[in-house]
Structure formats: structure tokens, C-alpha cells
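The numbers here are math on the coordinates, done by the rules we state, and not lab data. Just so we're clear, the structure is a prediction, and the values are computed from it rather than from any experiment. Here the Cβ is made from the backbone with ideal geometry for all residues, glycine too, and neighbour counts use every protein chain on show.
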Amino acid sequence: MNKFNLQEDEKKRILSMHKALIKEQVAAAPPTTADAPKSLSDQLEEFITNGCAKNGKVVKMKSANPQKEFAIKQESTKTPGKFRYLFIDKTIGMVGESGKFEISPNKWSCDVSAVAKAKTAVDADLSKVKKEGDWKTKEELTKTDTAENIENTVMYEKKVVDGVTLYRRKISGGIGDALTDDQQKIVSKWNSQGAKLRKDLDPEEAKTWISRVVSPASEGYFSQDLIMYFDPTVTVKDATITTTIQQSVQNRIPTDQKDCKTTIEAYYLAFKKKRPLEPNEFEALKAKTQACKNEYGGDWGALSGGRRMDNYLEIMSGGIGGPSRRGEDAKFRLN
């Protein structure tokens, strides 16, 4: 055998030994986490994580049945202190009236995708509530304040939204941001006149600026009164503010008596003859009639028919034959 053949045989022998060693290492290697099957408790924990068992907790059970070795323990919201147990085989266990642990004939189920969608909707709603009212969770607040201060009812107010407890400093409580188009327009209008939201004041401004409700919650634009803050020095000294406000008020005052007479007659006849009006038409006509009453009621001067107009206005403001206080026609009643 020549030298070349000996070298080839040696190479084959070394390669064979190397393959055998690799095979032994693979066989001896423990399974990775990804390959290992999930334990029963881990599977149940996933249901809780996915939102299928809200406020649940995985507990060990005294059962010889492998599928009932662990369960999700849930407290009843209707009967605190009473619990049910959700098993991996979708059965439900609970302590019956006899005091014995029983398996219910009913099953529990969970549509993970539906729960995820619902959770997304809840999260979106919670986010809006936090933004509009400048509310925060305790976890968010503890980055800048102590847990003791946060639970101090003198310093913080709190409320629960979608099962989440939110907190807000009482000293700066109020609308924190505008969400809808209407809200944004209202805030922008007041911003243009120098007003600020509480969150936009620096510590010194917060001590001296004057607060005012500019959009009551009763108007329906904000979840609570919109309070804006005004620089007292500008409010007192700036004469243009008075001029601007006077002009705005003037623009909303009716200036044509004849037009008001036509409006009042139309409103009165719409009530008496039950004429059909679309909601937007009715609201516009009522608002204009109310404005005419405020401006000209009892003060028509030389305009003919002024006394008749006052009579219509008296009837529509609760007089005999006018709209009732609480009936279907109450919407016609003027102030």
C-alpha cells in the first residue's frame, strides 16, 4: 500500500470519529425551551394573560386527575368571597350549597381574538379618558411622586375606569386636553385670547392667573367643566379685550325689529298649528325667537303690532295656552 492510500484512510477514520462525536452530543443535549411542552400551569397562565380569565390566579388543586392538577381561581363579582375554578379541560368547579366541591355541567370558553378586540377598545377608551382629564395610573405617577402622596386624598383624587384606577392631582384637576374637533375649536378660541389650560401654566402662573369656566359640562362638549386660566394683568389692562367682546356680543344681538316680528310669529304659529320642523330648523328658530324676546320684549317702540308680539312671547314663555313645563310640547317653552 502506498503512502497516498494511507493518508486517505486516516482522513476517513478521523471524519468518522468526528461524526460519531457530534451524534452523541446531539442525543445527549437537553431539549430547548422552545421544544419543551408547556406545563399545565403555564397554559392556564396564558388564558389569564390573553384576558380570558380576568382577575384570575393559577392555583394548585388537590386532584389525582392530571387535567385538574391546576386551575384558574376566580372570585365572583356578584358574591365576593365565592370562587369558581376553571380547568384546562374547560370544566368549571365550585363549592356547592352542600359544602362539597362540585363540577358544573356547564363549560367555560374563550374567544381569544374577540377578547383581544375588546381589550383594544377598552385601552383606546382609557387612553382618551386619561388624555382629556389628565389622569394617570399609580405606576405612571410613582416616577415623579411617592406612593404615599398618591394615596393621600388631600393631594390626589381618583376614579376607576374600565377596572383601572386612575389618579390626578387635586390642585391641577380639570380638562387636560381636547379630543374632538369641537373641543379643539373651543380651546383654540380661548388660547387665541391668551387663556391657558391648567397643565400649561408654570408654577408661578398657577399662583396668580384667574380661573374661569368657559364651557360648562352641561353644554355637552366636555366630560366636566372646561376651566381656562387668564393672566390678571392682561385682563385688567388690555382695552382691546373689551372691544373684542363687545363686538362679539353685538354680532349676536338681533338689530331688525321687523325681522324679529316675523320670527316670533313663525315660532308661535309653528307651536299652535303643530307645523313639522326638522330638529336643526326648530333649534335655529327657537334660538332666534329667544334672542328677539331678550332684545325687544316689552320695548318695541313705534313698531306696529308690538303689543301682539309681547302677547305671543308671554304665551310661549309659560302663559295660558302656551307650552307646558314637562309635556311633549315643553321644548317650545321660552325663558
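With the biggest extent put first, the Cα atoms of the stretch 108-206 measure 57, 38, 18 Å across the principal axes.
When each of the peptides 202-208, 127-133 is scored by how many other beta carbons lie within 10 Å of its residues on average, the order from highest to lowest is 127-133, 202-208. Each of the peptides 261-271, 146-156 was scored by the mean count of other Cβ atoms within 10 Å over its residues; in descending order, highest first, they stand as 261-271, 146-156.
Rounded to the nearest Hz, the phi-derived 3J(HN,Hα) couplings of the stretch 255-272 under the Karplus curve 6.51 cos²θ - 1.76 cosθ + 1.60 (θ = phi - 60°) are 10, 10, 4, 5, 5, 5, 4, 4, 5, 4, 4, 5, 5, 4, 5, 4, 6, 5, where x marks glycine and proline. Diffusion of the stretch 261-309 by Stokes-Einstein, at 10 °C in a medium of 1.306 mPa s and with Rh set to the Kirkwood radius over alpha-carbon pairs, works out to 139 µm²/s. Taken about its Cα centre, the stretch 257-332 carries a charge dipole of about 240 debye when Lys and Arg each add +1 at the Cβ and Asp and Glu each add -1 at the Cβ. Across the stretch 106-115, coupling constants 3J(HN,Hα) worked out from phi with the 6.51/-1.76/1.60 Karplus curve, θ = phi - 60°, read 7, 10, 10, 9, 7, 8, 4, 5, 5, 5 Hz, and Gly and Pro carry x.
Within the shell defined by Cβ-Cβ distances under 14 Å, the residues around residue 264 carry a net charge of +1, with Lys and Arg each +1 and Asp and Glu each -1. The overall shape of the stretch 115-172 is prolate: from the C-alpha gyration tensor, with semi-axes ordered a ≥ b ≥ c, the ratio a/c is 1.5 or greater and a/b exceeds b/c. Taking a sphere under 10 Å around the Cβ of residue 178 and counting the other residues whose Cβ falls inside, with K and R at +1 and D and E at -1, yields a net charge of -2. So, in nm, how far is label residue 299 from label residue 189 when the simple model puts each one 7 Å beyond its Cα toward the Cβ? So the two model labels end up 2.5 nm from each other. Here the convex hull built on the C-alpha positions of the stretch 147-195 has a volume of 91 cubic angstrom per residue.
If you take all other residues with their beta carbon under 15 Å from the beta carbon of residue 96, and give Lys and Arg +1 and Asp and Glu -1, the sum is +1.
For the stretch 183-223, the extents of the C-alpha atoms along the principal axes are 32, 19, 14 Å, listed from largest to smallest.
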